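First up is the structure itself, then whatever we jot down about it.
No lab work stands behind these numbers, since they all come straight from the coordinates. Keep in mind that this is a model prediction, so the values were computed, not measured. A quick note on method: Cβ atoms are made from the backbone with ideal geometry, for glycine too, and the neighbour counts reach across all protein chains shown.
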Amino acid sequence: MIHKQTKRPIVLISLVLSMFMSAIEGTIIATAMPNIVSDLGGFTLYSWVFSSFLLMQAVTTMIYGKLADLFGRKPIFVIGVVIFLIGSLLCGLAETMTALIVFRFIQGLGAGAVHPMVTTMVGDMYNLEERAKVQGYLASVWGISSVAGPLLGGIIVQYTDWAWIFWMNRRGQIGLGCHRKHSDCSDCLPFASPYLFGRRKDAPYQ
């Protein structure tokens, strides 16, 4: 088995990558919207491209929390990331503004699982003394994504097609792959693995 000091960082990196993937989608599209409207039309639906993603993400967060209590953290996390990646692929293929909005709802449906599952799994893997520092890493993801998103979006639409704003989320497959490979953290902390895999339902908060 991988020693806990090498295994937990790998899992944490995969979780941070997944959270960044979700967080940046709220901002990266801002600078691409003029190009998207130029291609797809539907200027009157402009605001829904943002609202559909954020609304679905907010609504489903609590639902995913309950599902994680019933079925375990890892299955819900993996399902959420897969739905998000499917939504991202479809967004890049959208041919009308209405289709893009529908696919953004799908994106948000998946993204709603990422934040609550990441923070909960971090709480499962790290003890009380370590948790504050790790939560700081997670909080910094939102700040970085809010700054990097519009800049990265502008670069993408300047040099490539706007669809790559969504297709670049293939990087999430890296985080998902690392998480699936290394997230059996029975040697990270004694109580982590049962909660990640759904063998225990009551979260071990300290």
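Some values worked out for this structure:
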{"quantity": "Which of Ser145, Ser51, Ser140 has the fewest Cβ neighbours within 10 Å, and the rest in rising order", "calculated": "Ser140, Ser51, Ser145"}
{"quantity": "Percentage relative contact order, region 11-183, counting C-alpha pairs under 8 Å, at least six apart", "calculated": "41"}
{"quantity": "Distant-in-sequence amide H partners of Tyr126 (H built 1.01 Å from N, under 5 Å)", "calculated": "none"}
{"quantity": "Computed lengthening from Ser140 to Asp69, 0.36 nm per intervening residue step minus Cα-Cα distance", "calculated": "22.9 nm"}
{"quantity": "Space enclosed by the convex hull of the alpha-carbon atoms of region 11-183, per residue, Å³", "calculated": "98"}
{"quantity": "Additional length obtainable on full extension of the chain from Tyr46 to Asp161, 0.36 nm per residue less Cα span", "calculated": "39.5 nm"}
{"quantity": "Exposure proxy ranking, count of Cβ atoms within 10 Å, fewest first, for Lys74, Lys66", "calculated": "Lys66, Lys74"}
